[in-house]
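The structure appears below as structure tokens.
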Amino acid sequence: MTAATELTIAGARAALAKREISAVELTEAHLKGIEALNPRLNAYITVTAEQALEQAKAADAALAKGEAKPLTGIPLAIKDLFCTTGVKTTAASKILGNFVPPYESTVTANLLRDGAVFLGKANLDEFAMGSSNATSAFGGVENPWKRQGDNAALVPGGSSGGSAAAVAARLALGATATDTGGSIRQPAAFCGIAGIKPTYGRVSRFGTVAFASSLDQAGPVARTVEDCAILLGSMSGFDPKDSTSADVAVPDFAAACARGVKGLRIGIPKEYRLPGMPAEIEALWQQGIAWLKEAGAEPVEISLPHTQYALPTYYIVAPAEASSNLARYDGVRFGLRENGGDLKDLYERTRRAGFGDEVRRRILIGTYVLSAGYYDAYYLKAQKVRALIKRDFDEAWGKVDAILTPATPSAAFGRDEKQDDPVAMYLNDVFTVTANLAGIPGLSVPAGLDTRGLPLGLQVLGKPFDEETVFAVGRALEQGANFTATPSVRAAA
Amino acid sequence: MSLDTATVRRVASLARIRVEEDELPRLQSELNGILGWIEQLQAVNTDGVQPMAGGGSEKLRMREDRVTDGGIAEKVLANAPDRAGEFFAVPKVVE
């Protein structure tokens, strides 16, 4: 049998059902890997070994009684942005460094309902703001992949860098993640795994630490498209506790993976061909088009004319919402407090000490674009451009069933690169951010290696609430790519 | 539009974030870098376009106006940096 940590979720489920492996053995194998590698990779902020073993024992009992649920005994990493009852939830920020939620996020409650085992809380960029995991107050995460012949530490991407690194290094079978501008898809691409940001409203935001509420969506990362589909099925569903949760049925996403793409029209947006884009990104994109054609789909050139304005729009909308959301961290009701002379001084000292550079920068930008005299010029303008970006997609859906693009403009970069220029860092999300602005689903699929042996991803975008087609296209790409490369740092089999 | 140091100081005060005098020049240059870059949106013709406020096309739901939880003061206060009985405690606000 395949080594426990090398299993897919679908494979582990079958092995558990046949009692070829116990849930305790599966969890222990992962905890052993975490013990060996986490001191180096820093993918987990908190490891909940004891709780995981208890959950695994309960899973074995359920399996013995024939009461298995969709995720019974499956060990997962939980991004440390999801509130977990009684388990520290930090958002990778000093300001929440000791916060222990008295309640459970809907996403994690759904996963627990379905029998999952939680190995621990995964590292991330502070408040999910970043593309390299470098802004975490608990230290950066090392990408388990290395450039050929070079041992330099690379970033895992962000913000869900810990989730992606843990899954790539075989320290979890899958993980929860969140995506506000690309925070699921970019780290998935950098770590050679799959990840989907579903349609806005598909997954409840209740109990997930908020960054930019009109853009934030939770989703899974895992090593196969099918595994992402299985996890998304459990995470999704209507939740009255989130006013933007969509009251729509959750289809069988895993079944949709096998649909095939015969007859589907796949949009190829010409605006995603960026000046100065590396030739290998363009080549991979063309390869993706060829795979889908071979599988029976028809590529159609389309135009999404406002694409170039997506990032600047995002960097108005997201900081504006963040500045409002993060106003709650005031040192009064929870989290860090730095005492000062009066109440305003307490607020100012607490927020200076508790937030890192990038978070403070975004709060200030957000405060500025919402302030009197600038609201119309910046915020209202950005909301209008956002409407145009969404309209571009609405018009495209008249011609195509899904859209294929590269996932990122480059492979993973070094820890010391791009850290001095905020705008250069923001450009990482150039291909992913449009999906958040338009509220549509986007899936990143590992599709190949660059010339230095690092993974590259392709992205599939779909219509609102049509994750099924996105999964079908993703699975076809996966079959075409037959991506079997593995990172050099991973749990021993 | 370019921010001067007085504006950076004012925005930081609005955001309730303490900024030391020696941090101002770097912050000012970073913020101006970002604002200069987002300035390109002014080139987009948005005449007659309705602003998109939310993330989805779903209409917000109404719900029945009734209490759905409560009576959990200990849970609410569990993470408080300072408390007095069943209340959050802060430095004296009114003399």
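Can you confirm whether the range A:288-301 contains a residue that is in a loop (DSSP other than H, G, I, E, B), within 28 Å of the chain's Cα centre (by Cα), within 11 Å of chain B (Cβ to nearest Cβ) and at pLDDT 95 or above?
Looking through the range A:288-301, none of the residues is in a loop (DSSP other than H, G, I, E, B), within 28 Å of the chain's Cα centre (by Cα), within 11 Å of chain B (Cβ to nearest Cβ) and at pLDDT 95 or above.
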**OP:** Please name all residue pairs, on different chains or six or more residues apart, with Cβ atoms under 8 Å, provided the first residue is in the range A:378-395 and is more than 8 Å from every other protein chain (Cβ to nearest Cβ) and the second residue is assigned to a helix (DSSP H, G or I) and aromatic (Phe, Trp, Tyr).
**Re:** A:Ile389/A:Tyr309
**OP:** Determine, yes or no, whether A:Gln51 is surrounded by fewer than 24 Cβ atoms within 10 Å (Cβ to Cβ), of a type in the set (S, T, N, Q) and outside any loop (DSSP other than H, G, I, E, B).
**Re:** yes
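For the range A:91-111, give me the residue count where each residue is hydrophobic (A, V, I, L, M, F, W, C), more than 20 Å from A:Gln217 (Cα to Cα) and outside any helix (DSSP H, G or I).
So the first thing to find is which residues in the range A:91-111 are hydrophobic (A, V, I, L, M, F, W, C), and the list is A:91-92, A:95-96, A:99-100, A:107, A:109, A:111.
Right, trim to more than 20 Å from A:Gln217 (Cα to Cα) and you get A:95-96, A:99-100.
Imposing the further condition that a residue be outside any helix (DSSP H, G or I) reduces the set to A:99-100.
Number satisfying all stated conditions: 2.
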**OP:** Taking the residues in the range A:302-327 that are hydroxyl-bearing (Ser, Thr, Tyr) and under 19 Å from the mean Cα position of the chain (by Cα) as candidates, determine which candidate is surrounded by the most Cβ atoms within 10 Å (Cβ to Cβ).
**Re:** A:Tyr314
**OP:** Hey, could you check the range A:302-316 for residues that are in a helix (DSSP H, G or I) and of a type in the set (Ser, Thr, Tyr) and say which is farthest from the other protein chains (Cβ to nearest Cβ)?
**Re:** A:Thr307
**OP:** Go through (1) hydrophobic (A, V, I, L, M, F, W, C); (2) more than 26 Å from A:Glu321 (Cα to Cα); (3) crowded, with 24+ Cβ neighbours inside 10 Å one by one and return the number of the condition A:Ile95 breaks.
**Re:** (2)
**OP:** Could you run through the range A:361-380 and say how many residues are of a type outside the set (A, V, I, L, M) and surrounded by fewer than 22 Cβ atoms within 10 Å (Cβ to Cβ)?
**Re:** 7
**OP:** Give A:Asp421, A:Asp416 a once-over and let me know the one that is without any contact (Cβ under 8 Å) to a residue 40 or more places away in the chain, of a type outside the set (A, V, I, L, M) and within 14 Å of chain B (Cβ to nearest Cβ).
**Re:** A:Asp421
Original post:
Are any residues in the range A:424-460 over 17 Å from the mean Cα position of the chain (by Cα) and away from chain B (no Cβ under 14 Å), and if so, which ones?
Top reply: A:Ala447, A:Gly448, A:Leu449, A:Asp450, A:Thr451, A:Arg452, A:Gly453, A:Leu454
Subject >> Selection from the range A:336-349 of residues that are surrounded by 15 or more Cβ atoms within 10 Å (Cβ to Cβ), facing chain B (nearest Cβ under 7 Å) and either touching a Ser or Thr at 6+ places or on another chain (Cβ under 6 Å) or not basic (Lys, Arg) (or both) >> reply: A:Arg337, A:Leu343, A:Leu346, A:Tyr347, A:Glu348
Original post:
Residues of the range A:353-377 being outside any helix (DSSP H, G or I), more than 8 Å from every other protein chain (Cβ to nearest Cβ) and without any contact (Cβ under 8 Å) to a residue 12 or more places away in the chain, which ones?
Top reply: A:Ala372, A:Gly373
**OP:** Return only the number of the condition from (1) β-branched (Val, Ile, Thr); (2) within 14 Å of chain B (Cβ to nearest Cβ); (3) within 28 Å of A:Arg202 (Cα to Cα) that A:Val261 does not satisfy.
**Re:** (2)
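Residue-wise test of (1) at pLDDT 95 or above; (2) hydrophobic (A, V, I, L, M, F, W, C).
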site: A:Leu380; (1), (2): yes, yes
site: A:Val385; (1), (2): yes, yes
site: A:Ile389; (1), (2): yes, yes
site: A:Leu404; (1), (2): yes, yes
site: A:Asp420; (1), (2): no, no
site: A:Leu427; (1), (2): no, yes
site: A:Thr432; (1), (2): yes, no
site: A:Gly453; (1), (2): yes, no
site: A:Leu458; (1), (2): yes, yes
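The values are calculated or read from the model by the stated rules, or taken from the named source; none is laboratory data. These numbers come from a predicted model, not from an experiment. With ideal geometry, Cβ positions are generated from the backbone for all residues, glycine too; neighbour counts draw on all protein chains shown.
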